Ligand SMILES: [Fe+2]
């Protein structure tokens with residue numbers, strides 16, 4: 001016997017997950033298959049948790065950590081009742097291969113970002129047919145999210161040779177095929193080659209950040225999305241240039257936690273990405289600026305506007321809630337893996353620069 005549950009909205013709520021888990025408790029499935037984008041897969045992960053462990057406390061599970069493998073809180077054991085399968089219908093979030101899920105308590109507005117390897121799906125079915133007719137907005141927002149995953153995983157303090165190779169290859173593929181996917185989406189035609197390449201690249205970027213984690217781009221995008229209802233991928237796109245410039249600043253800074261290298265080296269890491277993408281330049285600075293320009297060009301090419309202001313025209317509202325957004329971004333779990341540890345004042349400046357499109361040039 002099987003049952004389908006489709007009542008999942010973007011930014012899935014605890015109420016939605018509870019509803020799904022209640023349904024599961026009724027007919028006791030031994031396989032749960034999540035078909036959808038990041039929101040559907042995240043909601044299904046939480047339903048899986050609630051189905052296996054109805055007694056869990058989300059505040060406990062969402063407790064932040066320094067090292068995911070040495071946590072004070074022991075995540076409940078998963079997979080005793082059901083096998084969990086993910087089938088992504090957009091190329092970007094990577095949720096099908098990551099141990100992360102974000103759920104919102106609709107009564108308080110609190111977002112619980114959960115992270116534990118217990119949340120890893122048992123199987124991911126990455127099939128471009130499921131993504132073939134994704135509309136332009138979804139194609140560009142999810143595609144640029146995958147770019148942000150690869151960029152952050154590559155510069156992360158937790159990056160390894162394993163995650164580097166996945167991140168670099170993902171970026172090479174995305175730069176080549178995302179524009180083609182976008183064109184196909186606009187023309188409402190199928191492009192099986194480009195869609196399959198993007199499907200693979202998004203999952204590879206997911207595998208990279210599942211192990212190397214992310215950085216302050218995601219911390220800031222999470223809050224920008226929560227405060228101003230900007231799609232997750234777009235929110236990352238809006239912070240991308242600013243965070244790259246912040247991390248690449250060659251002046252020695254306080255490094256992030258547990259860095260696997262002796263000195264800050266984000267600029268060198270970004271230059272390696274530029275090399276892999278065939279982006280040149282006469283000096284380090286020029287090559288880095290060319291990389292940033294190429295990213296800006298890619299975003300423009302797939303219909304993403306350049307500044308936060310383009311998406312949040314109410315300047316007074318943006319400024320009025322900026323300090324809350326800054327504090328929450330600083331406190332986000334993703335901040336810890338960033339190669340350069342930001343001050344709250346620096347996060348605020350990055351938001352302002354990204355709002356007005358006045359980027360701090362290194
Ligand atoms: Fe993301």
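Between the beta carbons of residue 188 and residue 72, assuming R0 = 51 Å, the FRET efficiency works out to 0.50 to the nearest 0.05. The order of the peptides 146-159, 236-249 by mean Cβ neighbours within 10 Å, most packed first, is 146-159, 236-249. The stretch between residue 321 and residue 284, if pulled fully straight at 0.36 nm per residue, gains 9.6 nm over its current Cα-Cα span. With contacts taken as Cα pairs under 8 Å at a separation of at least 6 residues, the chain carries a relative contact order of 16 percent. Pop out the Kirkwood hydrodynamic radius of the stretch 14-125 from its pairwise C-alpha distances, inverse of mean 1/r, in Å to one decimal. This gives a value of 14.1 Å. Its relative contact order, with pairs defined as Cα atoms under 8 Å and 6+ residues apart, puts the stretch 1-87 at 37 percent.
As a ratio to 2.2 N^0.38 Å, the alpha-carbon radius of gyration for the stretch 84-132 is 1.33.
When all alpha carbon pairs of the stretch 169-287 are counted in 5 Å bins from zero, the resulting P(r) reads 2, 9, 14, 18, 21, 18, 11, 4, 2, 1 %. Helical content alone sets the calculated 222 nm signal of the chain at -17000 deg cm²/dmol, taking -39,500 (n - 2.57) per DSSP H segment of four or more residues and averaging over every residue. Set the Cα radius of gyration of the stretch 126-172 against 2.2 N^0.38 Å, with N its number of residues, and you get 1.34. In degrees, nearest 10, range 0 to 90: what is the angle between the Cα axis of helix 136-155 and the longest Cα principal axis of the chain? The answer is roughly 70 degrees. Estimated translational diffusion coefficient (Stokes-Einstein, Kirkwood radius over Cα pairs, 4 °C, 1.567 mPa s) of the chain: 63 µm² per second.
Any read-out appearing in this document is the output of simple, stated calculations on the displayed coordinates, not a laboratory observation. Keep in mind that what you see is a predicted model, and the values were worked out from it rather than measured. Note: ideal-geometry Cβ built from the backbone for every residue, glycine included; neighbour counts use all protein chains shown.
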